[in-house]
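Below: one structure, written as structure tokens.
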Amino acid sequence: RLDKLRNIGISAHIDSGKTTLTERILFYTGRINEIHEVRGKDNVGATMDSMELEREKGITIQSAATYTKWGDHAINIIDTPGHVDFTIEVERALRVLDSAVLVLCAVGGVQSQTMTVDRQMKRYNIPRICFINKMDRAGANPWRVIDQLRTKLRLNAAAVQIPNGAETGLKGVIDLVQLKAYYNDGEKGETIRVEDVPADLVDRATEKRAELVECLADADDEIAEIFLNEENPTSQQLHDALRRATIARKFCPVFMGSAYHNKGVQPMLDGVIAFLPRPNEVDNVALDAANDEAKVTLSSSSSAKLIGLAFKLEEGRFGQLTYLRIYQGTLRKGDWITNSRTNKKVKVSRLVRMHSNEMEDVSAVQSGEICALFGIDCASGDTFTDGTQAYSMTSIYVPQPVISLSLEPKGKESTNFSKALSRFQREDPTFRVHVDAESKQTIISGMGELHLEIYVERMKREYNVDCTTGKPQVAFRETINAKIPFNYTHKKQSGGSGQFGKVVGYIEPLDEPLEDGKTVEFVNSTVGMNIPTQYIPAIQKGFLEACEKGLLIGHPITNVRFVLEDGMSHAVDSSEMAFKVAAAGAFREAFHKAGPAILEPVMDVSLTAPAEFQGAAIGLLNKRKGTIGDSEIVEDYVEVKAEVPLNEMFGFSTDLRSCTQGKGEFAMEYKQHSPVMPFVQNQLVEEYRKKQLEQRK
């Protein structure tokens with residue numbers, strides 16, 4: 001059964017054709033009877049874009065899972081969004097999949113989001129095949145795209161097909177492994193006709209097959225030997241070597257076609273089956289909590305003990321829907337399963353397999369499969385077991401939010417407002433909500449303007465809550481630049497028992513985040529009993545609370561280590577409260593002497609515009625305090641890479657469109673927090689002080 005199963009994700013830059021490709025796969029595998037387009041002129045829209053908002057905007061917002069059969073093989077597919085704002089959807093899909101299809105546009109090639117997706121695939125060690133889509137477009141050049149895969153993504157990639165015809169004259173593809181030509185016949189390309197390679201393309205096919213063998217020789221010993229002996233590998237030898245090298249992530253086969261014009265999709269599906277790993281060929285590791293979090297390699301056997309990872313939550317029509325990937329064992333309807341994080345037992349009352357937003361009830365799901373459960377309360381990233389082992393899977397990497405908006409409902413407040421916010425937070429770990437202590441406003445934070453805009457729109461549609469948003473706020477951080485000792489005594493005498501606590505130590509900058517991703521650290525280096533041990537947690541709490549709100553502009557403090565070396569206590573007057581206040585006071589006093597600085601999020605911006613607007617585009621980035629990395633001109637288009645502070649990027653799209661006659665486009669993603677310029681720091685501190693004074697009045 002496992003030999004005949006594949007779990008794949010379809011990922012790419014915005015508008016490369018992921019959802020269109022998934023629609024064709026579902027049609028050719030007989031899962032759907034009609035093909036609908038992404039922005040459906042027939043008002044239906046693509047199967048995988050089930051949300052009304054997705055159909056209107058023509059973009060994917062939530063990743064959608066489906067299950068289909070190709071020949072006698074079963075394939076679980078997750079179609080993911082392309083926008084960087086919804087990067088968590090790609091992140092958690094890749095976390096639970098065994099392999100992926102990286103879709104590239106034959107004209108656009110490797111774009112900014114392609115690089116992000118590539119990093120995510122490398123983070124989870126995912127083998128992939130590439131599919132160069134849109135081969136029918138004017139200016140389509142697959143060889144330039146393959147060259148970019150090698151130079152920009154550092155992949156050992158080579159074509160396993162060449163196109164037959166070009167642009168609008170695209171007839172099909174020629175397979176370099178079997179040396180056969182594939183044509184798509186029928187109104188929707190559903191019939192495949194296989195013929196010999198046309199005479200005028202034999203030389204081209206031979207040349208590109210030699211290039212494929214040469215690239216493969218770098219990744220596979222058997223082919224290397226054949227290549228060095230100047231022999232020609234057989235089709236079977238080439239096929240086997242491609243499978244070995246792809247699964248070992250040393251090679252990336254490249255397929256071609258046009259999903260929209262129904263060309264080359266079936267050979268790509270054959271490639272998924274032929275070259276991508278079965279669930280039992282991938283090493284999945286769990287951590288054993290009972291044995292000091294030692295790593296344990298899981299078997300893929302259905303008879304082993306159950307381990308599954310909840311990777312995505314969704315509010316369905318019947319309550320919370322939890323998507324689960326089963327790594328080993330079998331999950332049956334009616335079973336009791338245990339959540340490793342909370343140790344709570346829950347009963348599986350309903351088990352379904354998803355097809356976009358439709359579901360099929362199933363009685364059991366075996367290892368390697370993806371399913372969904374109803375009515376189970378858990379968080380994204382929880383591990384479920386049968387309760388006999390304390391195993392947990394490594395969690396999913398969650399990027400930090402970079403932008404915030406204040407949000408308030410129009411008219412009178414309804415319970416739906418808080419209901420919507422708590423649901424969105426549960427579903428999406430990159431969407432955060434908090435209430436500002438001073439202004440008492442509800443602040444939502446996320447990965448970008450589009451991300452927050454979509455949630456505000458969803459509140460209106462799904463919960464009938466119309467909201468107004470305030471000016472976007474950037475997630476500034478505060479930090480220190482020097483190591484400063486402190487010696488602070490807190491004492492208060494006001495009749496009866498007083499308060500007394502003394503702390504001695506130092507604060508210093510923390511160079512990089514800790515292993516668990518935290519950016520502030522408390523270290524207890526005390527010797528002896530000057531401070532009784534029961535007060536240490538209170539000191540730590542005092543420090544951590546002081547870090548929550550900075551002293552310069554009220555933003556959180558990061559990259560700081562607080563080292564407690566000594567102190568003093570009083571038999572009567574010392575208390576947890578006294579030491580908590582002492583720790584906070586010591587930290588504040590030392591913070592001002594330690595060269596405090598404000599950090600702002602800096603974005604990696606990649607901008608594409610027609611070459612004649614190169615000067616205007618670069619001028620626009622310079623005006624917004626951008627640091628230009630490099631710019632290159634590729635076929636009448638200029639591509640500029642720059643680092644720009646997020647605070648300067650508001651309204652950038654409008655300016656870019658106006659100075660490039662609407663032809664420029666850009667994508668940005670968070671890179672790091674960097675110190676602001678001294679004059680900007682002074683401005684921010686001044687504004688914050690004025691705000692404080694106004695509130696006091």
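Can you spot a residue in region 554-566 that is touching a Gly at 6+ places or on another chain (Cβ under 6 Å) and under 28 Å from LYS691 (Cα atoms)?
yes
Filter region 401-426 down to the residues that are touching a residue at least 60 places away in the same chain (Cβ under 8 Å) and not in a loop (DSSP other than H, G, I, E, B), then identify the one that is surrounded by the fewest Cβ atoms within 10 Å (Cβ to Cβ).
It comes out as GLU408.
Conditions tested, residue by residue: (1) within 29 Å of ILE444 (Cβ to Cβ); (2) among the acidic types (Asp, Glu); (3) in the same structural domain as ILE443 (by TED's automatic domain parsing).
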| residue | (1), (2), (3) |
| --- | --- |
| ILE484 | no, no, no |
| TYR506 | no, no, no |
| PHE543 | yes, no, no |
| GLU565 | no, yes, no |
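Among the residues of region 555-600, what is the count of those that are modelled with pLDDT of 85 or more, aliphatic (A, V, I, L, M) and surrounded by fewer than 16 Cβ atoms within 10 Å (Cβ to Cβ)?
Of the residues in region 555-600, 2 are modelled with pLDDT of 85 or more, aliphatic (A, V, I, L, M) and surrounded by fewer than 16 Cβ atoms within 10 Å (Cβ to Cβ).
Restricting attention to region 295-314, which residues are surrounded by fewer than 19 Cβ atoms within 10 Å (Cβ to Cβ) and in contact with a Leu (Cβ under 7 Å, 6 or more places away or on another chain)?
Within region 295-314, LYS295, GLU314 meet the criteria.
Among the residues of region 448-467, what is the count of those that are touching a helix residue (DSSP H, G or I) at 6+ places or on another chain (Cβ under 9 Å) and of a type in the set (Val, Ile, Thr)?
Result for region 448-467: 2.
Among the residues of region 511-553, how many are out of contact with any Cys (no Cβ under 7 Å at 6 or more places or on another chain), free of Cβ contacts under 8 Å to residues at least 60 places away in the same chain and surrounded by 15 or more Cβ atoms within 10 Å (Cβ to Cβ)?
17
Would you confirm whether any residue within region 651-663 is over 14 Å from GLN111 (Cα atoms) and under 21 Å from the mean Cα position of the chain (by Cα)?
No, every residue in region 651-663 fails to be over 14 Å from GLN111 (Cα atoms) and under 21 Å from the mean Cα position of the chain (by Cα).
For region 218-248: of the residues being modelled with pLDDT of 90 or more and touching a Phe, Trp or Tyr at 6+ places or on another chain (Cβ under 7 Å), which is surrounded by the fewest Cβ atoms within 10 Å (Cβ to Cβ)?
Filtering region 218-248 for residues that are modelled with pLDDT of 90 or more and touching a Phe, Trp or Tyr at 6+ places or on another chain (Cβ under 7 Å), the one surrounded by the fewest Cβ atoms within 10 Å (Cβ to Cβ) comes out as ARG243.
Across region 61-83, what is the number of residues that are among the aliphatic types (A, V, I, L, M) and closer than 22 Å to ILE132 by Cβ?
Going through region 61-83 one residue at a time, the tally reaches 3.
Kindly indicate which of ASP72, ASP85, ASP147 is touching a Gly at 6+ places or on another chain (Cβ under 8 Å) and either farther than 20 Å from PHE27 by Cβ or surrounded by fewer than 22 Cβ atoms within 10 Å (Cβ to Cβ) (or both).
Just one listed residue meets the conditions, ASP85.
Which numbered condition in (1) closer than 30 Å to THR489 by Cα; (2) free of Cβ contacts under 8 Å to residues at least 40 places away in the same chain is the only one that GLU632 fails?
Status for GLU632: all satisfied but (1).
Does region 381-400 hold any residues that are among the hydroxyl-bearing types (Ser, Thr, Tyr) and either crowded, with 18+ Cβ neighbours inside 10 Å or modelled with pLDDT under 80 (or both), and which are they?
THR383, THR385, TYR391, SER392, THR394, SER395, TYR397 - these are the residues of region 381-400 that are among the hydroxyl-bearing types (Ser, Thr, Tyr) and either crowded, with 18+ Cβ neighbours inside 10 Å or modelled with pLDDT under 80 (or both).
Quick check, is PRO596 under 23 Å from the mean Cα position of the chain (by Cα) and under 20 Å from VAL474 (Cβ atoms)?
When the stated conditions are applied, PRO596 does not pass them.
Taking strands (runs of 3 or more DSSP E) that do not extend beyond region 587-650, which have at least 1 residues that are touching a helix residue (DSSP H, G or I) at 6+ places or on another chain (Cβ under 9 Å) and within 30 Å of VAL503 (Cβ to Cβ)?
Here the list reads 597-610.
LEU179: surrounded by 13 or more Cβ atoms within 10 Å (Cβ to Cβ), out of contact with any strand residue (DSSP E or B) (no Cβ under 7 Å at 6 or more places or on another chain) and at pLDDT below 90, yes or no?
So LEU179 passes the test.
The values are calculated or read from the model by the stated rules, or taken from the named source; none is laboratory data. Just so you know, these numbers come straight off a predicted model, no measurement behind them. Glycine gets a Cβ as well: all are built from the backbone with ideal geometry, and neighbour counts include every protein chain shown.
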